[in-house]
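The values are calculated or read from the model by the stated rules, or taken from the named source; none is laboratory data. Every value quoted in this text rests on a predicted model; they were computed, and no experiment measured them. Here the Cβ is made from the backbone with ideal geometry for all residues, glycine too, and neighbour counts use every protein chain on show.
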Amino acid sequence: MNVELIKNGQVYTLRRTTPPQIEWVLDFTLPAYQQRLQQRGRKNDPLAKAVGLSKQKELRILDMTAGLGKDAYWLAHCGASVQMLERHPLLAECLEHAVQLLAQDSEGVDVAKRMQVQQADALDFLQAVAPGQFDVAYYDPMFPERKKSALVKKDMQIMQALHDEDILSENVIATVLKKIPKLVVKRPISADFLEGIAPQHQIKGDKIRYDVYIK
Ligand SMILES: C[S@@+](CC[C@H](N)C(=O)[O-])C[C@H]1O[C@@H](n2cnc3c(N)ncnc32)[C@H](O)[C@@H]1O
């Protein structure tokens, strides 16, 4: 793994150890996380639309692949309760810490109450999920393209350095829909369907799309 976690008081920084040095601070109160809140309301955001938050606020969402927590934070900000799962131990530790920091922020405390983190493989976690426990599952695995160009954003570069190889789970769609009635899968705009299975509908953005599977 080419990333180290540096803890400096309350500041947790993920730093790529190979040049060029890239750092990511996982703190939901920073501009990298706050920007999205200013850009769009939940009614116009493709992810909010795909999960159903544009119509209903209080959804219970299982974020199967929490990563740097950008999507989970946005979904919780929109009103959802979000159970975040992340199998990478460094990321899970940073996410847990970031939720604690948010809970100390007077403007973030209510959102933090709706965010929970667990280090787990999502498919293992699903075994113990009771039907009715979640309204929606959200799945954003690492994209297959690994462009090395300077255009790849800092967050993606950290993620690529953290994950030497992608371990893609199998049979995700059927496994999720046994327990949770709706699954939203994030895909690059022109990528094939996950597992070759066509979704019931799609919400398209500029570069990515959300494929929505309903039980
Ligand atoms: C593309 S990132 C997700 C980015 C995230 N949506 C965000 O907003 O920051 C994918 C993450 O999912 C994690 N992951 C992939 N498969 C997983 C699984 N089966 N269970 C738990 N975590 C998984 C990876 O470790 C990686 O950190």
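Here are the numbers for this structure:
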| read-out | value |
| --- | --- |
| Residue that is outside any loop (DSSP other than H, G, I, E, B), surrounded by fewer than 15 Cβ atoms within 10 Å (Cβ to Cβ), modelled with pLDDT under 95 and not small (Gly, Ala, Ser), where the choices are Gln100, Gln38 | Gln38 |
| Selected residue [surrounded by 16 or more Cβ atoms within 10 Å (Cβ to Cβ) and at pLDDT 95 or above] from Leu162, Leu126 | Leu126 |
| Failed item, numbered, when Tyr210 is tested on (1) within 12 Å of the ligand (Cβ to nearest atom); (2) outside any strand (DSSP E or B) | (2) |
| Matching residues in segment 43-78 - criterion: being in a loop (DSSP other than H, G, I, E, B), within 9 Å of the chain's Cα centre (by Cα) and among the aliphatic types (A, V, I, L, M) | Met64, Ala66, Leu68 |
| Subset of segment 50-69 (residues that are away from the ligand (no atom under 16 Å from the Cβ) and either in contact with a strand residue (DSSP E or B) (Cβ under 7 Å, 6 or more places away or on another chain) or under 12 Å from Tyr138 (Cα atoms) (or both)) | Gly52, Leu59, Arg60 |
| Lys70 vs. criteria more than 28 Å from Val172 (Cβ to Cβ) and of a type in the set (Lys, Arg) | no |
| Test: residue in segment 60-67 that is crowded, with 22+ Cβ neighbours inside 10 Å, of a type in the set (Asp, Glu) and touching a residue at least 60 places away in the same chain (Cβ under 8 Å) | yes |
